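Report on the following structure.
The values are calculated or read from the model by the stated rules, or taken from the named source; none is laboratory data. As the structure is a computational prediction, the values presented were derived from the model and not from experiment. Because the Cβ atoms are built from the backbone with ideal geometry, glycine has one as well, and the counts that use them run over all protein chains shown.
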Amino acid sequence: MPPVSCYPLLVIDAGNSAVKFATVDRAGAKPRIVASVETPKLTVTRVRTIFRQIRTRSAVASCVVPSAAIILRAGCPSVSLLEKSSALNFRTDVDRRTVGADRLANMAQAAQRFGKNVLVADFGTAATFDLLDEGGRFAGGAIAPGLRTLATALSQGTALLPVIESKPPRTMMGKNTRDALRSGLCGGYAGLVAHLLEQLGADGRQVIFTGGDAGTVAKLVGEKVVVEPLWTLRGIAVLGALNTREASK
C-alpha cells in the first residue's frame, strides 16, 4: 500500500502573540502564509472561515496557548495538535512533558535540514534557545524573556518610563530618556543573547535565529547567524507529515 499523503498540508503556529496559518504543497516546500491572527482575537468563527477558504488534505498545529488550542479544535475538529506523544524525527534528552510544541518543531526542522550540531534561537514573546547536539539529539536549552516583553515589563513596572520600540540605538550614550531606554534594553539584550549562545555551545555549530524579532536581535548581537522566519512552520510541517505516515501504518 502506498504511503498516505498529507499534502497539501495546512500548518498552524499558535503562539502567545499571534496564530499563523500557512499551506505546504509538498515535502520540503516553502510554507505560504495565508492568514495571521492576533492570539487574543482568535475565534472559532475566524478559524472556520480560514479553513473554508483553503483546500487542504490535512492540518497540523503547534500550540502553546491552551485557550487557542480549544478554539482551533472547535473551528476544525480534524486538526492534529502536536503533543508530548507525537512522533519525532530526532531523539531527545529532555522532559517532553514540559517542552512546548514550538520547540519540538524547531528541533524537527534542525534535524531535517542539518541532522546535528544546530542551535535554534526563537525570538517571540519568550525567547527559546535549543540545541540539537553532535549526536542529533535534542539536548535541551534555555528560555528567556522576549525583547518586546522586556520593553513592556520595564514600562509597566515604573511610573514614568514609556514603552519603546525595540530598534537598535544609533549610539549607546542616550541623551534623553527614550534613547537611554533603547540603549539599555538593546545593549542589555544583546549581552543576554551572546552569553546564552556562548554557554550553550554555539561556537562551531550552525546557529539559526527565527521568530518575530530574529532580524532585530541578529543585528544587535552581530553574530554570524542565519535568520529563517519560516523555520518553525517548516518544522511543524515535518512533524505533521511524519505523524500522518505513522498513523497510517
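The set of residues in the range 116-128 being surrounded by fewer than 24 Cβ atoms within 10 Å (Cβ to Cβ), within 20 Å of residue 65 (Cα to Cα) and in contact (Cβ under 8 Å) with a residue 40 or more places away in the chain consists of 124, 125, 126. Of all residues in the range 195-233, those being in a helix (DSSP H, G or I) and touching an Asp or Glu at 6+ places or on another chain (Cβ under 8 Å) number 5.
When you go through 152, 128 one by one, which is the residue that is of a type in the set (Ser, Thr, Tyr), at pLDDT 95 or above and outside any loop (DSSP other than H, G, I, E, B)? Within the list 152, 128, the selection yields 128. The set of residues in the range 1-56 being touching a residue at least 40 places away in the same chain (Cβ under 8 Å), in contact with a Leu (Cβ under 8 Å, 6 or more places away or on another chain) and aromatic (Phe, Trp, Tyr) consists of 51 alone. Kindly evaluate residue 99 against the criterion of being within 30 Å of residue 216 (Cα to Cα), touching a helix residue (DSSP H, G or I) at 6+ places or on another chain (Cβ under 7 Å) and modelled with pLDDT of 95 or more. Answer is no for this residue. Residues that are in a strand (DSSP E or B) and surrounded by fewer than 18 Cβ atoms within 10 Å (Cβ to Cβ) are absent from the range 64-73 altogether. When every residue of the range 206-222 is checked against the conditions, at least one turns out to be over 30 Å from residue 57 (Cβ atoms) and of a type in the set (Ser, Thr, Tyr). Close contacts from the range 145-166, counting a first residue that is under 22 Å from residue 211 (Cβ atoms) and a second that is at pLDDT below 80 and surrounded by 15 or more Cβ atoms within 10 Å (Cβ to Cβ), with Cβ to Cβ under 8 Å and a gap of 6+ residues or different chains, come to 147/166; 148/166; 151/164; 151/166; 154/161; 155/161; 155/164. The residues in the range 59-75 that are closer than 21 Å to residue 8 by Cβ, in contact with a strand residue (DSSP E or B) (Cβ under 6 Å, 6 or more places away or on another chain) and of a type outside the set (Val, Ile, Thr) can be counted, and the count is 5. Applying the condition of being touching a helix residue (DSSP H, G or I) at 6+ places or on another chain (Cβ under 7 Å), closer than 17 Å to residue 13 by Cβ and of a type in the set (A, V, I, L, M, F, W, C) to the range 220-248 and asking which residue is surrounded by the fewest Cβ atoms within 10 Å (Cβ to Cβ) yields 227.
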